[in-house]
1. If we only count helices (runs of 4 or more DSSP H) wholly inside segment 42-152, which ones have 1 or more residues that are of a type in the set (Gly, Ala, Ser) and buried (at least 16 other Cβ atoms within 10 Å of the Cβ)?
2. Which members of segment 92-113 meet the condition of being more than 10 Å from the ligand (Cβ to nearest atom), out of contact with any Phe, Trp or Tyr (no Cβ under 7 Å at 6 or more places or on another chain) and either over 20 Å from Pro23 (Cβ atoms) or of a type in the set (A, V, I, L, M) (or both)?
3. Quickly run through segment 153-165 and pick out the residues that are surrounded by 16 or more Cβ atoms within 10 Å (Cβ to Cβ) and basic (Lys, Arg).
4. Determine if segment 136-149 includes at least one residue that is near the ligand (Cβ under 8 Å from one of its atoms) and more than 18 Å from the chain's Cα centre (by Cα).
5. With respect to Gln24, is the statement that it is within 11 Å of the ligand (Cβ to nearest atom) and of a type in the set (S, T, N, Q) true?
6. Of everything in segment 207-224, what is without any contact (Cβ under 8 Å) to a residue 40 or more places away in the chain, assigned to a helix (DSSP H, G or I) and of a type outside the set (A, V, I, L, M)? Give them in sequence order.
7. Would you confirm whether any residue within segment 226-233 is of a type in the set (Gly, Ala, Ser), surrounded by fewer than 17 Cβ atoms within 10 Å (Cβ to Cβ) and farther than 29 Å from Thr144 by Cα?
8. Are there any pairs, at least 6 apart or on different chains, whose C-beta atoms fall under 7 Å, with the first in segment 42-54 and farther than 13 Å from Asp93 by Cβ and basic (Lys, Arg) and the second surrounded by 13 or more Cβ atoms within 10 Å (Cβ to Cβ) and modelled with pLDDT under 95, and if so, which?
Amino acid sequence: MVSSMIHCAKHPSGYAELVIDRPQARNALCVALTDAMAQTLERLREDSETRVVLLRSEGDHFAAGADIREMLDMSAETARATDFAGCCVALGDFPKPVIGLVQGYALGGGCELVEMCDIVLAAENAVFSHPEISLGTMPGAGGTQRLPRLIGTAKAMDMLLSGHRMDAIEAERCGLVSRIVPPDRLLEEGREYASGLAALSGTVLNSIKKAVRASMEMPLKEGLKLERALFHQTLGLPDRQEGMRAFTERRKPLFNAT
Ligand code: CO8
């Protein structure tokens, strides 16, 4: 059953808006919420009408991390048995582009969700931090693995070991954020961005995402091989024919027609 803490609305232009809605607890990521998010993402993964996901939160803050009250008495055995934090794989492995909109705090598990997004639009008041160390724990949904790949070891160590809070400007400068926007423009800019991407070829968007993600894991030679294979594949796509034909006919291409 999908929880009321997660909403999903499909937009006719081809993107889905996935909303974390638990502002009274600063969008803390309790298990019911992350399970619902995983279930929704599984659906969107298979949904041919959804080419892009826009992930955002209600309220003044993106997400204050895992639910500390829920974790208070959790034993290591329970965490292992329930694969606690494993549900975030659904976002980390999502094959279509994900745009994250961040306002206010993105802390701990909230910052890890941001690290799983492909494009991050941050409001000027966004703050990113990994305070797990101050609670006597550590990231469990990819923070120690994705963050250094995104911003480099020096900056990642600074955040992860000390809990250093990064503002939007620092986060953009070091590569955690794609663009900074005024808080009152965040949603509009996000929707425009999502509509723009959704009008492009879904198949090719996914191939680009796959190739860029592979660059974080593969040696250069293997990554280049993968890129070439995916590039060659695009030559057989109706979308590629449409894109190039539209260019020669001086009109706007109409992608995703098949
Ligand atoms: N968990 C549970 N409840 C929370 C959390 C949280 N992480 N954050 C805020 N809340 C609750 C508060 O308990 C409070 O509830 P109530 O009104 O019932 O007392 C309500 O939200 C409002 O909180 P504040 O009064 O503290 O609100 P402020 O606006 O003053 O402060 C902050 C907002 C700065 C976000 C502050 O609440 C805070 O520091 N929260 C904790 C942040 C944190 O330490 N996060 C790390 C958690 S550990 C983690 O994320 C490990 C990740 C592991 C994998 C994750 C898989 C999903």
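The values are calculated or read from the model by the stated rules, or taken from the named source; none is laboratory data. Because the structure is predicted, anything quoted here is derived from the model rather than measured. As a convention, Cβ positions derive from the backbone with ideal geometry for all residues, glycine included, and neighbour counts pool all protein chains shown.
1. Helices (runs of 4 or more DSSP H) meeting the threshold: 89-92, 109-116, 143-151.
2. Once the filter is applied, which keeps residues that are more than 10 Å from the ligand (Cβ to nearest atom), out of contact with any Phe, Trp or Tyr (no Cβ under 7 Å at 6 or more places or on another chain) and either over 20 Å from Pro23 (Cβ atoms) or of a type in the set (A, V, I, L, M) (or both), segment 92-113 yields Gly92, Asp93, Phe94, Pro95, Lys96, Pro97, Val98, Leu101.
3. Lys155
4. yes
5. So Gln24 fits the description; yes.
6. If the condition is that a residue be without any contact (Cβ under 8 Å) to a residue 40 or more places away in the chain, assigned to a helix (DSSP H, G or I) and of a type outside the set (A, V, I, L, M), then Ser207, Arg213, Ser215, Lys221, Glu222, Gly223 are the ones that fit.
7. Yes, segment 226-233 has at least one match.
8. Arg51/Asn256
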